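Here's the structure we're looking at; comments come further down.
Throughout, read-outs are computed from the coordinates displayed, never taken from laboratory work. Predicted model only: the values in this text are computed from it and were never measured. Reconstructed Cβ throughout: ideal geometry from the backbone, glycine too, with neighbour counts over all protein chains shown.
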Amino acid sequence: MKTLKRRGTIYMKGELEVPGDKSISHRAVILGSIANGITKVENFLDSEDCMRTVEAFRSMGVSITTKGTFLEIEGKGLSGLLEPLEPLYFGNSGTTARLMIGLLAGLPFSTVVYGDVSLTNRPMDRVITPINKMGATVLGRNESSYLPLALKGGNLEGITYELPVKSAQVKSGILLAGLQAKGTTRVIEQQQTRDHTERMLKAFGANIEVSGNGIQIDASKSLLGTDVYVPGDISSAAFMLSAAAIIPGSNVTVKKVGINKTRIGFLEVLQKMGANISISNERVLSGEDIGDVQITYNQLTGVVVEGEIIPRLIDEIPIIALLATQAEGNTIIRNAEELRVKETDRIAAVVNVLRTMGANIEATDEGMIIKGKSSLKGGSVSAYQDHRIAMMIVIASLISEQDVTIDDISSISISYPRFLDDLESILKNNS
């Protein structure tokens, strides 16, 4: 248990850099390991989740040297990976699980993979179904829908697959399998999801083509090691930007943050709500758009969040819900059923937490309805062992009228180990 004390009259001011993007960090390790030659990764997110991916490749014979947020990977190529001597443990990392399942399906050896209690309850059939169609052999409980799983890799055939879910993890798992399959593998999305895998595969020299919502890849080229700069994670920046958006007198700049168009739905929603946002120093590094995002306080208004924007802000919905409690009028979030199968049922978790704290909020099957503006009273809440719920609660405590007691904040280390220290660095007292 941790008590977050009532802060009094405060505001947020200053500049900071958030840790490297979690999605890009995972992918840099995967592609660097299966490429030929040296890959150097700068600003890697050295969090619990990303280190699961690092340890998985070390178990397959890849030399990965870490020095803080700098990694050097001695890529072995796909043919140089070794059969692991022990089952691969993915902890709580859904990204590691779904991407590695796709990769392992094409490797010419057997592997057993497992995770913690939370990951064991997250569905894997969404990636197992397409790789089975490609010829993979996967065994596991509930018709191979959940971890732990045993995979016998190799001998894959390219397929054309239309994604039934809006998931960049599933798309990426299929592309990594397709990189090892005979013929061409095509993935068709309902709506475009984050495209870090496509961008990075191209940077490593893969034979990949993107046209609208369709992506195709084949195994005709070996990947070559390259240098990767990981921009700051917009999903982590969202918590700092949100604090500034709802605390009067605030002015915060997050520098060197990723502004990939498939990831900035959160910023678009903030602007629609009336936030004062500007982006400067825009450039492209390692194939990714990057910039400095500044926000100053302004009264927000409720909005409807739905449709094509949802995949571009799915991880930010918990903090958007908190913003909505401080906005004038109603906010409606729809088409976000994917939240039901995250680290926890995030729809239920967000609603339970904010309602306990005094918000007027209700859950729907695919989202939530928030009636603003509400005063948050404080109280005792659970983070549900979910890093994004935990960080949302910490930000909520800054505007609560009373202390907030949270059961456990250790999950924050999954994506933002220095979150509390960074928050304190821009927190100012009016007294």
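Quick one: pull the percentage of alpha-carbon pairs in region 158-276 with a separation above 23 Å. It works out to 43 percent of all Cα pairs. Separation of region 145-183 from region 383-407 is 37 Å, based on Cα centroids. From the alpha carbon centroid of region 311-344 to that of region 269-288 is 20 Å. In sequence order, region 226-239 has phi-based couplings of 8, 8, 10, 9, 9, x, x, 7, 4, 5, 7, 4, 4, 6 Hz under the Karplus curve 6.51 cos²θ - 1.76 cosθ + 1.60, θ = phi - 60°, and Gly or Pro positions carry x. Region 66-138 and region 31-59 have Cα centres lying 13 Å from one another. Between 160, 53, 197, the GNM of the chain built on Cα springs shorter than 10 angstrom shows 160 fluctuating the most. Taking every DSSP bridge with both residues inside region 22-229, close to 75 percent are antiparallel.
A simple packing score, the average count of other Cβ atoms within 10 Å per residue, orders the peptides 42-51, 390-399 as 390-399, 42-51, with the highest score first.
Would you mind getting me the FRET efficiency between residue 304 and residue 109? Use the beta-carbon distance for r and R0 = 41 Å, nearest 0.05. FRET efficiency, residue 304 to residue 109: 0.25.
Each residue of region 360-366 was assigned a 3J(HN,Hα) from its phi angle through the Karplus curve 6.51 cos²θ - 1.76 cosθ + 1.60 (θ = phi - 60°); the sequence is 9, 9, 9, 8, 10, 4, 10 Hz, with glycine and proline shown as x. Largest GNM mean-square fluctuation across 212, 153, 307, computed for the chain with C-alpha springs under 10 Å, falls on 212. Restricting to bridges with both residues inside the chain, how much of the DSSP beta-bridge set is antiparallel, in percent to the nearest 5? Of those bridges, close to 75 percent are antiparallel. Peptides 26-36, 121-131 ranked from most to least packed, by the mean per-residue count of other Cβ atoms within 10 Å: 26-36, 121-131. Between residue 188 and residue 142, the FRET efficiency estimated from the beta carbon spacing at R0 = 25 angstrom works out to 0.40. The HN-Hα couplings worked out from phi for region 38-52 by the Karplus form 6.51 cos²θ - 1.76 cosθ + 1.60 (θ = phi - 60°) are 8, 10, 10, 10, 10, 6, 4, 7, 8, 9, 4, 4, 5, 5, 4 Hz, whole numbers, x standing for Gly and Pro. With contributions of -39500 (n - 2.57) from each DSSP H run of at least four residues, the per-residue ellipticity at 222 nm computed over the chain stands at -8500 deg cm²/dmol.
Per-residue extension of 0.36 nm, minus the Cα-Cα distance of residue 3 and residue 340, leaves a gain of 118.5 nm for this segment. Placing dummy labels 7 Å off each Cα toward the beta-carbon, the span from residue 408 to residue 79 is 4.6 nm.
With 26 Å as the limit, the listed pairs 373/428; 2/261; 261/371; 166/272; 342/373; 13/371 have 2/261; 261/371; 342/373; 13/371 beyond it between alpha carbons. DSSP bridge analysis restricted to region 86-199 gives an antiparallel fraction near 60%, rounded to the nearest 5. This structure gives semi-axes √(5λ) of the Cα gyration tensor in Å, computed directly, and of (1) 34, 25, 20; (2) 37, 22, 20; (3) 87, 24, 23 that value is listed as (2).
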